[in-house]
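The structure appears right after this line, and notes come after that.
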Amino acid sequence: MSERAVELEVLRYNPETDREPRFQRYSVTCREEWVVLDALNHIKETVDPTLSYRWSCHMAVCGSCGMMINGEPKLACKAFLREYRGVIRVEPLAHFPIQRDLVTVIDDFMDKLARVKPYLIPKHEKPLAEGEYRQTPAELKKFKQYSMCINCMLCYAACPEYGLIPKYIGPAAIALAHRYNQDSRDGGRDARQEEIASTEGVWECSFVGACSEVCPEHVDPAGAIQQVKIKSTVDWYKEHLMPWLKK
Amino acid sequence: MAEEVNRRPYVREMGWRWIFRHPRYVRYMLREFSCLFIGGYTLIMVWGLKQLAEGPAAWQAFLEWLRSPASIVFHVVALGFALYHSITWFNLTPKAMPLQLGEDFVADGLISGAHFAGWAAVSLAVLYFAGAF
């Protein structure tokens, strides 16, 4: 198996001793087919056990290992070393506070995710005896792509609006709210609108589109946000110009 | 929830360099900047209307100014920005207005293509009523 010499420049921050983060250079020999996460694991095992980062599945499913690789938000488990030339710069996800080294504080996202109620709120509760909620392939297709979100937060690191206006609910949370709004079994749209149709919701988005470009699961949060904008606008006109319709 | 400890997280300042982090942000900022030129063009139109209301001499002076090199340069640049904004915007329409017919979604190219066709039709109509042909 062929090997390659790799130089990584990793942003380090120890909250107990450092006033600010600094870059540390590691030179390691890696296998040709490794990803950045393999290189980090190799460094942790053989060079520097103090290096901190999150990871779990190593197969782009858990969404834990999001980090900036040469300035782009990437899953470290999906970023192949062979695709990079020269020194590979690894930093924590942009726009999130740094907890330690490559570990970020994600409380803000977790809070926003909970606020948009990303779960089915059935239109009518029906007893088990009536059987399952049925759905046609067309109804499934309407929301399926949004359900592929793995909460990796790469879209937040790509979104300058979120970086500039931290109150913004952000791409993934809105895309997930939209996913449930689009679900034929769901009746929770009104409850979610309060969060996502607010100023801090879709209206902070100026359609940069970076969220959809960096998504490792090919979800289209930018599309979801624009669709919510259009539907919310239609709601507003219905409410103000045609009050007799009552939504 | 566990007891809150002083974790001393480090917050990075964003600054303005993010614009150059990736070409997509430069493209986005160009689209945003296009509003300055389109806004400027609109102001010139309003100024033109004012000159028209003030009589033939004022209108003639406005037409003279339109032929000046500065005006021509501005109009060429504004046209470039207007085209850039319109084309990138229409290319984004499939994201904002997906259309599901039966099980499948209509191809992106058809949705943006319909917008381009509408744009062409309206432009031709405006040119026709302006007496261009």
Considering only segment A:219-243, state which residues are part of a loop (DSSP other than H, G, I, E, B) and closer than 23 Å to A:ILE150 by Cα. A:VAL219, A:ASP220
If you check B:PHE90 against the conditions, is it touching a residue at least 24 places away in the same chain (Cβ under 8 Å), surrounded by 15 or more Cβ atoms within 10 Å (Cβ to Cβ) and more than 14 Å from chain A (Cβ to nearest Cβ)? no
Only one of (1) more than 12 Å from chain B (Cβ to nearest Cβ); (2) at positive phi; (3) modelled with pLDDT of 95 or more is not met by A:HIS95, so which one is it? (1)
Provide a single number: the residues in segment A:212-247 that are within 23 Å of the chain's Cα centre (by Cα), farther than 22 Å from A:ASP183 by Cα and hydrophobic (A, V, I, L, M, F, W, C). 1
Inside segment A:61-73, the number of residues satisfying the requirement of being assigned to a loop (DSSP other than H, G, I, E, B) and crowded, with 16+ Cβ neighbours inside 10 Å is 5
Residue that is surrounded by the fewest Cβ atoms within 10 Å (Cβ to Cβ), among those in segment A:168-182 that are touching an Asp or Glu at 6+ places or on another chain (Cβ under 8 Å) and within 14 Å of chain B (Cβ to nearest Cβ): A:TYR168
Any residue that is within 14 Å of chain B (Cβ to nearest Cβ) and assigned to a strand (DSSP E or B) - is there at least one of those in segment A:25-35? no
Here is a check on your reading of the model: is B:PRO98 in a loop (DSSP other than H, G, I, E, B) and within 14 Å of chain A (Cβ to nearest Cβ)? yes
Within segment A:74-92, restricting to residues that are away from every other protein chain (no Cβ under 14 Å) and of a type in the set (D, E, K, R), the one that is surrounded by the most Cβ atoms within 10 Å (Cβ to Cβ) is A:LYS78
Residues (assigned to a loop (DSSP other than H, G, I, E, B), farther than 27 Å from A:ARG54 by Cβ and more than 13 Å from every other protein chain (Cβ to nearest Cβ)) located in segment A:113-167: A:LEU120, A:ILE121, A:LYS123, A:HIS124, A:GLU125, A:LYS126, A:PRO127, A:GLY131, A:GLU132, A:TYR133, A:ARG134
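Scan segment B:109-133 for residues that are among the small types (Gly, Ala, Ser) and either part of a loop (DSSP other than H, G, I, E, B) or within 19 Å of B:LEU92 (Cα to Cα) (or both) and jot them down.
B:GLY109, B:SER112, B:GLY113, B:ALA114, B:ALA117, B:GLY118, B:ALA120, B:ALA130, B:GLY131, B:ALA132, listed by residue number.
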Write out, first by first residue and then by second, each pair whose Cβ atoms fall under 6 Å of each other, whose residues are 6+ apart or on separate chains, and whose first residue, in segment B:16-27, is aliphatic (A, V, I, L, M) while the second is surrounded by 12 or more Cβ atoms within 10 Å (Cβ to Cβ) and assigned to a helix (DSSP H, G or I). B:ILE19/B:TYR25; B:ILE19/B:MET29
Selected residue (only one of A:ASN181, A:ASN151 is among the polar types (S, T, N, Q), touching a residue at least 24 places away in the same chain (Cβ under 8 Å) and within 25 Å of A:GLU91 (Cβ to Cβ)): A:ASN151
It is to be established whether one or more residues within segment A:176-198 are under 25 Å from B:VAL11 (Cα atoms) and either in the same structural domain as A:LYS142 (by TED's automatic domain parsing) or not hydrophobic (A, V, I, L, M, F, W, C) (or both). no
In segment B:6-38, the residues that are more than 10 Å from chain A (Cβ to nearest Cβ) and surrounded by 11 or more Cβ atoms within 10 Å (Cβ to Cβ): B:VAL26, B:LEU30, B:PHE33, B:SER34, B:CYS35, B:LEU36, B:PHE37, B:ILE38
Within segment A:212-233, the count of residues that are at positive phi and within 7 Å of chain B (Cβ to nearest Cβ) comes to 0
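The values are calculated or read from the model by the stated rules, or taken from the named source; none is laboratory data. In this text, all values refer to a predicted model and were calculated from it rather than measured experimentally. Quick reminder, even Gly has a Cβ in these numbers, built from the backbone with ideal geometry, and neighbours come from all protein chains shown.
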